[in-house]
Amino acid sequence: VRSRFLREARVQGQLEHPAIVPVYDLGARPDGAAFFTMKRVRGKTLEEILDDLRAREPGAELEFSRRKLLSAFGSVCLAIDFAHARNVVHRDLKPGNIMLGGFGEVYVLDWGLAKINSDGEPLSGKDSETVDAPASIRGQTEAGAVLGTPGYMAPEQLITTEIDGRADVYALGA
């Protein structure tokens, strides 16, 4: 658990993008417990917004118009493309991991299941820098382990740990 916690902080902290919450510090308390600090974000998750829209909550359609939601989705796609260009696959994209702020902010949350492509090739095929993650945090998923949210997972994510950015693209469509 500690290893995954530290791994999430390191991966998220190296992805500097407006739609990825910045990590400011990573350390250990005197008792040895690990911590990381990041920007405080406020808003509603896309899951909460969709629930409000389905329930026809008063004001929900006015506050979260189709145009606003599509614009936010475009921001999420750009953030994921940015991560892929740095060899990182999120692996758990779902409405609960996307937050919309009150002033147009959009955040992709929860990088705890992110996978770093260790072959050095950018996932999107673009020439760009990659996340410099220590070898000790690459490929932490055990063979046969299924990580993610089944309703949003690409079929290949259920049967193999050898996935790439296409799994995130599938999740965005789901």
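Observations, loosely collected:
- Residue tally, condition of a type in the set (A, V, I, L, M, F, W, C), in contact with a strand residue (DSSP E or B) (Cβ under 8 Å, 6 or more places away or on another chain) and under 11 Å from Leu172 (Cβ atoms), over region 56-107: 5
- Number of the exception - Ala143 against (1) among the aliphatic types (A, V, I, L, M); (2) at pLDDT 60 or above; (3) over 12 Å from the mean Cα position of the chain (by Cα): (2)
- Residues of region 55-79 that turn out to be touching a helix residue (DSSP H, G or I) at 6+ places or on another chain (Cβ under 9 Å) and in a loop (DSSP other than H, G, I, E, B), as a count: 3
- As a summary of the residue check, Ala114 satisfies the conditions (1) at pLDDT 95 or above; (2) under 22 Å from Arg7 (Cβ atoms); (3) of a type in the set (Gly, Ala, Ser) except for the one numbered (1).
- Residue that is among the small types (Gly, Ala, Ser) and in contact (Cβ under 8 Å) with a residue 40 or more places away in the chain, where the choices are Gly27, Gly43: Gly43
- Near pairs, Cβ below 7 angstrom, 6+ apart or cross-chain, from region 101-116 (more than 22 Å from Ser71 (Cβ to Cβ)) to any residue that is outside any strand (DSSP E or B) and open to solvent by 40 Å² or more (accessible area, probe 1.4 Å): Gly112/Arg4; Leu113/Leu147; Ile116/Arg138
- Selection of region 27-49 for residues being crowded, with 16+ Cβ neighbours inside 10 Å and in contact with a Phe, Trp or Tyr (Cβ under 9 Å, 6 or more places away or on another chain) yields Phe36, Gly43, Lys44, Leu46, Ile49.
- Under the condition of being assigned to a loop (DSSP other than H, G, I, E, B) and more than 13 Å from Glu8 (Cα to Cα), the residues counted in region 20-46 number 10.
- Subset tally (residues that are open to solvent by 10 Å² or more (accessible area, probe 1.4 Å) and touching a helix residue (DSSP H, G or I) at 6+ places or on another chain (Cβ under 6 Å)) for region 80-99: 5
- Hey, Val11 in contact (Cβ under 8 Å) with a residue 12 or more places away in the chain, of a type outside the set (Lys, Arg), in contact with a strand residue (DSSP E or B) (Cβ under 9 Å, 6 or more places away or on another chain) and in a loop (DSSP other than H, G, I, E, B) or not: no
The values are calculated or read from the model by the stated rules, or taken from the named source; none is laboratory data. Since the model is a prediction, treat every value here as computed from it, not as a measurement. Don't worry about glycine lacking a Cβ; one is built from the backbone with ideal geometry, like all the others, and counts go over all protein chains shown. For the accessible areas, the whole protein counts, side chains as well, though only heavy atoms, and no ligand, DNA or RNA atoms are used. Shrake-Rupley method; radii C 1.70, N 1.55, O 1.52, S 1.80 Å.
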